[in-house]
1. Considering the range 314-351 alone, what residues qualify as being within 14 Å of ligand 1 (Cβ to nearest atom) and either farther than 22 Å from Glu401 by Cβ or assigned to a strand (DSSP E or B) (or both)?
2. Taking the stated definitions as given, is Leu232 surrounded by 12 or more Cβ atoms within 10 Å (Cβ to Cβ) and either closer than 30 Å to Asp393 by Cβ or more than 31 Å from the chain's Cα centre (by Cα) (or both)?
3. I'd like the residue in the range 375-411 that is under 26 Å from Lys216 (Cβ atoms) and either hydrophobic (A, V, I, L, M, F, W, C) or out of contact with any strand residue (DSSP E or B) (no Cβ under 8 Å at 6 or more places or on another chain) (or both) and, out of all such residues, is surrounded by the most Cβ atoms within 10 Å (Cβ to Cβ).
4. Test Met352 against the stated conditions and say whether it is more than 16 Å from ligand 2 (Cβ to nearest atom) and farther than 23 Å from Thr259 by Cβ.
5. Filter the range 356-385 down to residues that are within 11 Å of ligand 1 (Cβ to nearest atom) and free of Cβ contacts under 8 Å to residues at least 60 places away in the same chain and give me whichever is nearest to Ser264 (Cα to Cα).
6. Give, as residue ranges, the helices (runs of 4 or more DSSP H) completely inside the range 1-95 that count at least 1 residues that are more than 16 Å from ligand 1 (Cβ to nearest atom).
7. So Gly47 fits all but one of (1) surrounded by fewer than 17 Cβ atoms within 10 Å (Cβ to Cβ); (2) on the phi < 0 side of the Ramachandran plot; what number is the exception?
Amino acid sequence: MREWLKSLRRGYGKKLVQLHAWNGWIVVLLAITGLVLFGGFWRGVLGEGRVWVRWLHIVVGLASLLPVMYYLLLAGKHWKQLKGRPWQRANVLIVLALLLGWLLSGVLLWQFRAVGPYWSNAALYAHDLLTWIGLPYIIYHSLARTKWLKEPHRRTIKSGKPEPEVGIHPAAGPQAVYTRRAFIKVSVGAGLALTLGPSFLQWLGSSLGSGASLEKLIEEDANRLMPAPVPLPGSSPPLGGGSQGSFRVYTVTPIPAFTNTNWSFVVDGLVERSIEWDWEQFVQLKRTVQVSDFHCVTGWSVYSNTWEGIPLKELLKQAGVKPQATTVKLYSGDGVYTDSLTLEQADMDDVMVAVLHDGKPIPSDLGGPVRLVVPKMYAYKSVKWLNRIELIDRDHTGYWEERGYAKDAWV
Ligand SMILES: Nc1nc2c(c(=O)[nH]1)N[C@H]1C(S)=C(S)[C@@H](COP(=O)(O)O)O[C@H]1N2
Ligand SMILES: [Mo]
């Protein structure tokens, strides 16, 4: 054991340089895959690829533990070497804290089922926050230092042997190096602030502010359906006191927009009477109100939503389910997304074909005019722009289930 540790530490300087490079590549891979997973845009483009990107992100993230542990073995010597350089010591601590924080919150996100939505929420918040702070920090640190690394006497990580001080031309003396370095630092900093700043502020606003973004989504509603549904007393003011948290708008297609002429709602398949409602008829259906939480498998939740709509079981009752039917197939008006529930699941009282959220029409970004809500299951079951329910006598594998999500979606 001692021998082994010794051999690990041998050639320490060179190993540190290699470790630094390895870590750099790991962070680059994690940053790219992580940003792809975060960006709503990529959901539609990647489809199945998203599940692979997620796996790559998890595996590389777990693998990052190796260089961290290895570094900790070498840290003693490096620490001594950094004596009298408090900023560089701080930098080492910051990077280690970032990596460990990402790793810990990442494991919780990966194990979302085992830890439950509350821990996933906290973990996602921490993971995002670390990314918004840490990623610019690391990019800044590495870009602002590339020039600098070419100057051996400025490196904090040295490969052991003293390196010949070549190429330090009198004209490029300390003065010149400093101004160039300052210039690079300022431009890298400004570039980062410009590219990442707006997304950061938006994230900050929506995760700290209470529903400011919901108001914006309502304002930008692309649907034009008349008349507006009149909320029940339980819905306005909302029984739940207003939802807590914010929805990340997820879609695998462009957001569809509906008007009275291009919208209808159908229940068909293995039923006694196929029914098709237009909007005027649909808003006449008797609605109920429920308060429930909404959980996505990627870790975010929105609590205490007051949904108003028609219980799915009521629609099924009106159409009359034939005995051969086993499965309720749910179609989105986006023409692409589907999912399904067993008849037994569809019979739960809180499965709702929702028309209002917190007393207002559901905006197009959030699946309005009509979306499904299945509070006891992860939100990929909650089909947005729901406009057709078909009863079938076989199984159906939904959009995300075809792409790797578990068929069992119980929270
Ligand atoms: N038509 C459609 N419905 C959908 C999705 C989708 O991409 N398209 N995404 C699902 C997933 S994974 C989640 S988490 C929720 C997100 O709902 P929101 O966009 O209103 O926040 O919608 C679900 N229903
Ligand atoms: Mo989701």
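Values quoted throughout were computed directly from the atomic coordinates according to the rules given, and no laboratory measurement underlies them. Here the structure is a predicted model, which means the values were calculated and not measured. With ideal geometry, Cβ positions are generated from the backbone for all residues, glycine too; neighbour counts draw on all protein chains shown.
1. Lys329, Leu330, Tyr331, Ser332, Thr338, Asp339, Ser340, Leu341
2. Numbers: surrounded by 12 or more Cβ atoms within 10 Å (Cβ to Cβ): yes; either closer than 30 Å to Asp393 by Cβ or more than 31 Å from the chain's Cα centre (by Cα) (or both): yes.
For Leu232, the condition - surrounded by 12 or more Cβ atoms within 10 Å (Cβ to Cβ) and either closer than 30 Å to Asp393 by Cβ or more than 31 Å from the chain's Cα centre (by Cα) (or both) - is met.
3. By that ranking, first place goes to Val383.
4. Values: more than 16 Å from ligand 2 (Cβ to nearest atom): yes; farther than 23 Å from Thr259 by Cβ: yes.
The answer is yes for Met352.
5. At the first step, the residues of the range 356-385 found to be within 11 Å of ligand 1 (Cβ to nearest atom) are 357, 362-368, 371-374, 377-385.
Right, trim to free of Cβ contacts under 8 Å to residues at least 60 places away in the same chain and you get 362, 367, 371, 374, 377, 381, 383.
Values: Ile362: 16, Gly367: 15, Arg371: 13, Val374: 21, Met377: 26, Lys381: 21, Val383: 16 Å.
Filtering the range 356-385 for residues that are within 11 Å of ligand 1 (Cβ to nearest atom) and free of Cβ contacts under 8 Å to residues at least 60 places away in the same chain, the one nearest to Ser264 (Cα to Cα) comes out as Arg371.
6. On the way: elements: 2-9, 12-38, 41-46, 49-63, 65-81.
Qualifying helices (runs of 4 or more DSSP H): 2-9, 12-38, 49-63, 65-81.
7. For Gly47, the exception is condition (2).
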